[in-house]
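Undergrad: One structure, as structure tokens, below. Some questions next.
The values are calculated or read from the model by the stated rules, or taken from the named source; none is laboratory data. Everything numeric here is computed off the predicted structure, so don't read it as measured data. Virtual Cβ from ideal backbone geometry, glycine too; neighbours counted across all protein chains shown. Please note that ligands, DNA and RNA were not included when accessible areas were found on the heavy atoms of the full protein model with its side chains. Shrake-Rupley method; radii C 1.70, N 1.55, O 1.52, S 1.80 Å.
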Amino acid sequence: MIAPLTAAAFDAACAPVSTLTLDSLLAGARAAAVVGSGGPAFFDRFASGSPESIDGAPNPLDRFTKRVADAVVGDALAPLAATHAVYFPFDGAAPLIPFQRLGRAAGLGGPGPLGLQIHPVFGPWWAYRALVVVDRELPAAPEPGDGCAGCDAPCVAACPARAVAVTGFDVPACHARRLSVEACRSSCAARIACVRGPEHRYSDRQLAFHMAASMPKSLKRA
């Protein structure tokens, strides 16, 4: 997924939560593109023997993402001689980029009952990977739309923790369940119940990887 934003759209999306502007990320910036990956292909490439997946250092997927994104963006923009900068949604990354707000500005819906932005094609099986800022205009693209629109939300009934609700996602309830029930530590019945994009579902291995990365800290220390 590549969703372009004008400088004005970027600044307006950030304004309610941040003093960040596009020009502060790259002097003379005129546009940005929110980049995401859908389905299991990106993770499969990471897990299939990439150096980061086997070197034992922390944050292997983040490091793989940065290496791949920097290379792909550099190659794509080199013929245009475009000045650019790439930013990432990693924990602890600076500056803090409000990716979900930028996704909404690009036409995605807001967070649904799962607390995730549901893509109309990929459902809950996608992720933000990078923000590319450039010193020139980018062509407009069709807005992706809201994947939750018109859905009866079977994810709500599927959640054994009752953390998933149309009124919003209950993080403490989810964490409490994951701290006490093994099945919820490596998988998510509510996410799997989503009717959007089941053909793009992550493998059990990938889902377990992401679930482990988001495990409540009290369990990580145990």
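Undergrad: Within the set of pairs 6 or more residues apart or between chains, which connect a residue that is touching a residue at least 40 places away in the same chain (Cβ under 8 Å) inside the stretch 49-68 to a residue that is crowded, with 17+ Cβ neighbours inside 10 Å and in a helix (DSSP H, G or I) with Cβ atoms less than 7 Å apart?
TA: Partner pairs satisfying both residue conditions: Leu61/Phe46.
Undergrad: With the stretch 22-74 as the region, which helices (runs of 4 or more DSSP H) entirely inside it contain at least 1 residues that are modelled with pLDDT of 95 or more, open to solvent by 80 Å² or more (accessible area, probe 1.4 Å) and closer than 24 Å to His200 by Cα? Before the answer, list the steps.
TA: Working: elements: 22-25, 41-47, 51-54.
In the stretch 22-74, 41-47 are the helices (runs of 4 or more DSSP H) which contain 1 or more residues that are modelled with pLDDT of 95 or more, open to solvent by 80 Å² or more (accessible area, probe 1.4 Å) and closer than 24 Å to His200 by Cα.
Undergrad: Let me confirm something: among Leu80, Leu108, which residue is over 18 Å from Asp23 (Cα atoms), open to solvent by 80 Å² or more (accessible area, probe 1.4 Å) and hydrophobic (A, V, I, L, M, F, W, C)?
TA: Values: Leu108 fails: open to solvent by 80 Å² or more (accessible area, probe 1.4 Å).
Exactly one residue qualifies, and that residue is Leu80.
Undergrad: Right, something else. Take the conditions modelled with pLDDT of 95 or more and either within 24 Å of Leu102 (Cα to Cα) or among the β-branched types (Val, Ile, Thr) (or both) and apply them to Val181. Does it pass? Quick ask: steps written out before the conclusion?
TA: On the way: modelled with pLDDT of 95 or more: no; either within 24 Å of Leu102 (Cα to Cα) or among the β-branched types (Val, Ile, Thr) (or both): yes.
Criteria not met by Val181.
Undergrad: Please indicate, with yes or no, whether at least one residue in the stretch 41-51 is of a type in the set (S, T, N, Q) and in contact with a helix residue (DSSP H, G or I) (Cβ under 7 Å, 6 or more places away or on another chain).
TA: Here is the first cut: in the stretch 41-51, the ones of a type in the set (S, T, N, Q) are 48, 50.
Right, trim to in contact with a helix residue (DSSP H, G or I) (Cβ under 7 Å, 6 or more places away or on another chain) and you get 50.
Yes, the stretch 41-51 contains a residue that is of a type in the set (S, T, N, Q) and in contact with a helix residue (DSSP H, G or I) (Cβ under 7 Å, 6 or more places away or on another chain).
Undergrad: When you scan the stretch 113-130, do you find a residue that is more than 13 Å from the chain's Cα centre (by Cα), hydrophobic (A, V, I, L, M, F, W, C), assigned to a loop (DSSP other than H, G, I, E, B) and surrounded by fewer than 20 Cβ atoms within 10 Å (Cβ to Cβ), even just one?
TA: The first filter runs over the stretch 113-130 and keeps only residues more than 13 Å from the chain's Cα centre (by Cα), leaving 113-114, 120-121.
Filter once more, so that each one left must be hydrophobic (A, V, I, L, M, F, W, C): 114, 121.
Now narrow it down to the ones that are assigned to a loop (DSSP other than H, G, I, E, B): 114, 121.
Next, from what is left, pick out any that are surrounded by fewer than 20 Cβ atoms within 10 Å (Cβ to Cβ): 121.
The answer is yes; a qualifying residue exists.
Undergrad: Please count how many residues of the stretch 148-203 are under 18 Å from Met215 (Cβ atoms) and of a type in the set (Gly, Ala, Ser).
TA: Result for the stretch 148-203: 10.
Undergrad: Pairs, please: C-beta under 9 Å, at least 6 apart or cross-chain, first residue within 21 Å of Pro144 (Cβ to Cβ) and in the stretch 1-25, second polar (S, T, N, Q) and crowded, with 17+ Cβ neighbours inside 10 Å?
TA: Met1/Ser37
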